[in-house]
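Data first, discussion second: the structure below is written as structure tokens.
The values are calculated or read from the model by the stated rules, or taken from the named source; none is laboratory data. From a predicted model like this one, the values you see are computed outputs, not experimental measurements. Here the Cβ is made from the backbone with ideal geometry for all residues, glycine too, and neighbour counts use every protein chain on show. Just so you know, the surface numbers come from the protein's heavy atoms only, side chains and all, with ligands and any DNA or RNA stripped out. Shrake-Rupley method; radii C 1.70, N 1.55, O 1.52, S 1.80 Å.
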Amino acid sequence: MELTPERLAGQLGNEPLRPAYLIAGPEPLRVLEAADALRAHARGQGYVEREIFDADGRGFDWGALQATFRAPSLFASRRLVELRLPTAKPGKDGAAVIAEFCADPPGDVLLLVTGGEWSRQHGGKWSEAIGRIGHVVVAWAVKPHEMPDWIERRLRSRGVAADRDAVQRLAELVEGNLLAAAQEVDKLALLSDGTPLDVARMEALVADAARFDVFRLIDAALNGQAAPAARMLAGLRAEGAAVPALMGMVVMELQRAAALAQVQARSGNLASEFRAQRVWESKQAVFRRALQRHGVERWERFLAEAGRIDRIAKGRAAGDPWQALERLLLAVAEPRAAALVEKH
């Protein structure tokens, strides 16, 4: 049976741990928090040893995972074996190893499979096998009309009361960005004096996401959100931001994407490169979606264009730096817009 991340949290306290869990979906925050809840509960049940396998390339050794399922524990009687499947597609060999585990799960091993993507086409016999002995948890993206309820539940869980108009205003400010919403709720929990929040108090306490810091701007472009990225850039310009002040972060994120694209092109270990590039797990799905849209050559083209924009902004080349930056961000977000930078 398919569970939501929130239902999993309640289920853990009402039944013994199952031998296997699959937690996947397009909403990285919900995947991360559901997996964290399971890990914490498992530790409390004696699963103090943890082994992690990152299956992010064709060269992954499924035999090593298969061997660890049957190997005796070195430090504890119970082990949590975590398999990270960024694409949520184990392939033929991986599906066979997972199905074999589920057919006869060792009594001292708890299997947690996490994935950064999910759709109806991702499932198969391997995920059905997990569902028979455990739980499949899908973290679907929170739809715009669901965001106020999600925010209200999270506020309540942090001990913050807010009227419906205030909740709706916060939903508008974060523009569907679940991570931004979570961060704002955590901040409200620290700043609130215990009285229920109305719209005016909410706006006074919350950093208006319409001010759009550069991190959210770049995330929108990497996520393929062309229209929000354009709005964020316009917001920064209206506030008096300077293009040179933005370009450092833009270049850094494009360099990360280019490095990741190179590793992916040669079927290297993308998980290791994420660690080398210091990309947090909660943001890896953003980069993976971006890598699906563009290859190595295009990321290098984007980097070169960023350098040109920086020169324009500093008066070393001709052009409008704001227009050029907007075109670059649109090209990153939308492959069909790549010609906007390729013509230079």
Exercise. Would you call residue 161 touching a helix residue (DSSP H, G or I) at 6+ places or on another chain (Cβ under 8 Å) and either hydroxyl-bearing (Ser, Thr, Tyr) or crowded, with 17+ Cβ neighbours inside 10 Å (or both)?
Worked result: no
For this session: Return yes or no: is residue 302 in contact with a helix residue (DSSP H, G or I) (Cβ under 9 Å, 6 or more places away or on another chain) and closer than 19 Å to residue 115 by Cα?
Result: no
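This table checks each residue for (1) at pLDDT 90 or above; (2) more than 15 Å from residue 325 (Cβ to Cβ); (3) in contact with a Gly (Cβ under 8 Å, 6 or more places away or on another chain).
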residue	(1), (2), (3)
209	no, yes, no
221	yes, no, no
236	no, no, no
247	no, no, no
263	yes, yes, no
276	no, yes, no
287	yes, yes, no
291	yes, yes, no
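Restricting the search to region 177-205, which residues are among the polar types (S, T, N, Q) and closer than 15 Å to residue 157 by Cβ? If you could, list the steps in order and put the result at the bottom.
Of the residues in region 177-205, the ones among the polar types (S, T, N, Q) are 177, 183, 192, 195.
Scanning region 177-205 gives 183, 192.
A quick yes/no check of all residues on (1) over 12 Å from residue 108 (Cα atoms); (2) touching a Ser or Thr at 6+ places or on another chain (Cβ under 8 Å); (3) part of a loop (DSSP other than H, G, I, E, B):
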{"position": "15", "(1), (2), (3)": "yes, no, yes"}
{"position": "18", "(1), (2), (3)": "no, no, yes"}
{"position": "23", "(1), (2), (3)": "yes, yes, no"}
{"position": "29", "(1), (2), (3)": "yes, yes, no"}
Problem set entry | Which listed residue is within 30 Å of residue 25 (Cα to Cα), among the small types (Gly, Ala, Ser) and in contact with a helix residue (DSSP H, G or I) (Cβ under 7 Å, 6 or more places away or on another chain), from 317, 285, 313 | 285
For this session: Specify which of the listed residues (12, 32) is among the hydrophobic types (A, V, I, L, M, F, W, C), buried (at least 17 other Cβ atoms within 10 Å of the Cβ) and without any contact (Cβ under 8 Å) to a residue 40 or more places away in the chain.
Result: 12
Exercise. Out of curiosity, is residue 178 surrounded by 13 or more Cβ atoms within 10 Å (Cβ to Cβ), under 30 Å from residue 322 (Cβ atoms) and not acidic (Asp, Glu)?
Worked result: yes
For this session: Could you run through region 325-344 and say how many residues are part of a helix (DSSP H, G or I), open to solvent by less than 40 Å² (accessible area, probe 1.4 Å) and farther than 14 Å from residue 251 by Cα?
Result: 4
For this session: Filter region 154-177 for residues that are more than 21 Å from residue 225 (Cβ to Cβ) and touching a residue at least 40 places away in the same chain (Cβ under 8 Å) and give the result.
Result: 162
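The rows are residues; the columns are (1) within 20 Å of residue 336 (Cβ to Cβ); (2) out of contact with any Lys or Arg (no Cβ under 9 Å at 6 or more places or on another chain).
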| site | (1), (2) |
| --- | --- |
| 248 | no, yes |
| 253 | no, yes |
| 259 | no, yes |
| 296 | yes, yes |
| 299 | yes, yes |
| 305 | yes, no |
| 311 | no, yes |
Exercise. Which numbered condition trips up residue 152, out of (1) assigned to a loop (DSSP other than H, G, I, E, B); (2) touching a helix residue (DSSP H, G or I) at 6+ places or on another chain (Cβ under 7 Å); (3) open to solvent by 20 Å² or more (accessible area, probe 1.4 Å)?
Worked result: (1)
